[in-house]
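Every number in this text was worked out from the coordinates using simple rules, so none of it is lab data. Everything quoted here is computed from the prediction, not taken from an experiment. Glycine gets a Cβ as well: all are built from the backbone with ideal geometry, and neighbour counts include every protein chain shown.
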Amino acid sequence: MKKIVSIVGARPQFIKLQPFSKEVRKEFKEVIFHTGQHFDRNMSKLFFDELNIPKPEYELGIGGGTHAEQTSKMLVEIEKSLLKEKPDFVVVFGDTNSTLAGALAASKLNMPLIHIEAGLRSFNNEMPEEINRKITDHISGYLFAPTETSMDNLDREGLRSKSYLTGDIMVDSLKNAMKMRRIEENASSGFFLLTLHRPSNVDTPSKIIGILKDLEKMEIKIIFPIHPRTRKMLEDSIDEFSNKIEFVDPLGYLDFVNLMQSSSMIITDSGGIQKEAYMLKKPCVTLRTETEWKETVNSGWNILINPEEDNFWEKIISFKTPLKYENLFGENVAEKMVSLIKGF
Ligand code: UD1
Ligand code: UDP
């Protein structure tokens, strides 16, 4: 049986790994490396436990630090572990520092490298993810693109011949979660669900506090599971807000999907959540000036709002979704990926 090493480290990667791992183990021996980039129980172990993701064989324990510190330590440890395992394929997901380190280590060892969620571009190099994605795409041997837009981006960069339009693996993650928790489409409960973790929104305390103060003016209940990066910035200020905003710890995937499903609007700067909002047919407000998931904006179900604009919250309240809806992200994606890998 051929061997695949899957490299993960951050919350959205555990969620993407779940359906991939389940499918890949039918045909391959899989070994999981967890870099340790996310390490709190509710940012890491909780997902493995509740989603029945196999325990990683390698826990590298590298979290925190600057970009260079984090990426370089990962690079060294991943290389050592890859040399031990000698896999036939290495798989990396998304665009975090764990993705970049895994891709660099594997490609320098000339190991066949597959990038899941290839071709995403925000065209904003101030985002660390943009740098991670571009490098990973250019050094990977096989690119699994989730959308037509991502295929076009890869084509423009001369990468078409190694690109495959597979659909988005998070379609399978979401479907599995809905089945596990028996979540059904139901009426909205009238609250808004909020997540924020992009450095551009949260790394300056006055900016994140300003955004939350403005959101309070909507006079609508907001549930806000706080990412650890954001909590660090808000630590002393949480008491300054009214009870319109309910601050909660990061949630497990099943609870979070349940909350998305019962919310009446999702406000976020997350990549994954923009897609999930669309898949769940929920109006989504993205507090950024650009997005990698352009098709959700073009469809009318997602709007971009710059939280630095005066009274940006007024636009949120008046946002209405269209009636038209089409499948943008495909289906049975993990199955397609595994059948492609079998042919490589
Ligand atoms: C990372 C990814 C980002 C992704 C996000 C998903 C990079 C450059 N960024 O951002 O693309 O959207 O994950 O959530 O790879 N921390 C904890 N406990 C944890 C995890 C993090 O305290 O479990 C702290 C870290 O020590 C650090 C801060 O939060 O101080 C940020 O963590 P880091 O993994 O560097 O970046 P994220 O903002 O999580
Ligand atoms: N998520 C979760 N619990 C939370 C917040 C988010 O399970 O409290 C899930 C969410 O459903 C999505 C993923 O985490 O699948 C998104 O991760 P995040 O926003 O951290 O990263 P991004 O997608 O922006 O890289």
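Looking at (1) touching a residue at least 12 places away in the same chain (Cβ under 8 Å); (2) more than 16 Å from ligand 1 (Cβ to nearest atom), which is the only condition N243 fails?
(1)
Name the single residue that is farthest from F48 (Cα to Cα) among those in the stretch 217-237 being away from ligand 1 (no atom under 16 Å from the Cβ) and of a type in the set (V, I, T).
So the first thing to find is which residues in the stretch 217-237 are away from ligand 1 (no atom under 16 Å from the Cβ), and the list is 217-223, 236-237.
Remaining after also requiring of a type in the set (V, I, T): 220, 222-223.
On the way: I220: 34, I222: 28, I223: 24 Å.
So, considering only residues that are away from ligand 1 (no atom under 16 Å from the Cβ) and of a type in the set (V, I, T), the one farthest from F48 (Cα to Cα) is I220.
Test N132 against the criterion of being within 16 Å of ligand 2 (Cβ to nearest atom) and either touching a helix residue (DSSP H, G or I) at 6+ places or on another chain (Cβ under 7 Å) or farther than 14 Å from S6 by Cβ (or both), and give yes or no. Working first, answer last.
On the way: within 16 Å of ligand 2 (Cβ to nearest atom): yes; either touching a helix residue (DSSP H, G or I) at 6+ places or on another chain (Cβ under 7 Å) or farther than 14 Å from S6 by Cβ (or both): yes.
When the stated conditions are applied, N132 passes them.
Those residues that are crowded, with 24+ Cβ neighbours inside 10 Å and of a type in the set (G, A, S), I need them from the stretch 94-111; list them, please.
G94, S98, A101, G102, A103, A105, A106
Do any helices (runs of 4 or more DSSP H) entirely within the stretch 240-344 hold 3 or more residues that are closer than 26 Å to E185 by Cβ, and if so, which?
Values: elements: 253-262, 271-279, 294-298, 312-317, 333-343.
Counting at least 3 such residues, we get 253-262, 271-279, 294-298, 333-343.
Given the structure, is F224 closer than 27 Å to F47 by Cα and part of a strand (DSSP E or B)? Before the answer, list the steps.
Values: closer than 27 Å to F47 by Cα: yes; part of a strand (DSSP E or B): yes.
Considered against the rule, which asks whether it is closer than 27 Å to F47 by Cα and part of a strand (DSSP E or B), F224 comes out as yes.
For residues in the stretch 19-39 being crowded, with 24+ Cβ neighbours inside 10 Å and closer than 18 Å to G167 by Cα, which is nearest to ligand 2 (Cβ to nearest atom)?
The qualifying residue nearest to ligand 2 (Cβ to nearest atom) is P19.
Condition first: more than 23 Å from the chain's Cα centre (by Cα) and among the polar types (S, T, N, Q). Now tell me which residues in the stretch 218-256 satisfy that.
S237, S242, N243
When the residues of the stretch 208-266 are filtered to those that are among the small types (G, A, S) and either surrounded by 20 or more Cβ atoms within 10 Å (Cβ to Cβ) or over 21 Å from E276 (Cβ atoms) (or both), which remaining residue is nearest to ligand 2 (Cβ to nearest atom)? Quick ask: steps written out before the conclusion?
First, the residues of the stretch 208-266 that are among the small types (G, A, S): 210, 237, 242, 252, 262-264.
Adding the requirement that they be either surrounded by 20 or more Cβ atoms within 10 Å (Cβ to Cβ) or over 21 Å from E276 (Cβ atoms) (or both) leaves 210, 237, 242, 263.
On the way: G210: 21, S237: 20, S242: 22, S263: 12 Å.
That would be S263.
Can you tell me which residue is surrounded by the fewest Cβ atoms within 10 Å (Cβ to Cβ) among those in the stretch 197-206 that are without any contact (Cβ under 8 Å) to a residue 40 or more places away in the chain and either more than 16 Å from ligand 2 (Cβ to nearest atom) or in a helix (DSSP H, G or I) (or both)?
Ranking the qualifying residues of the stretch 197-206, first place goes to S206.
Regarding S150, is this residue closer than 19 Å to L328 by Cα, surrounded by 18 or more Cβ atoms within 10 Å (Cβ to Cβ), out of contact with any helix residue (DSSP H, G or I) (no Cβ under 9 Å at 6 or more places or on another chain) and touching a residue at least 24 places away in the same chain (Cβ under 8 Å)?
Numbers: closer than 19 Å to L328 by Cα: yes; surrounded by 18 or more Cβ atoms within 10 Å (Cβ to Cβ): yes; out of contact with any helix residue (DSSP H, G or I) (no Cβ under 9 Å at 6 or more places or on another chain): yes; touching a residue at least 24 places away in the same chain (Cβ under 8 Å): yes.
Yes.
Conditions: (1) out of contact with any strand residue (DSSP E or B) (no Cβ under 8 Å at 6 or more places or on another chain); (2) surrounded by 17 or more Cβ atoms within 10 Å (Cβ to Cβ). K179 meets all but one. Number of the miss?
Unmet for K179, out of (1) out of contact with any strand residue (DSSP E or B) (no Cβ under 8 Å at 6 or more places or on another chain); (2) surrounded by 17 or more Cβ atoms within 10 Å (Cβ to Cβ): (2).
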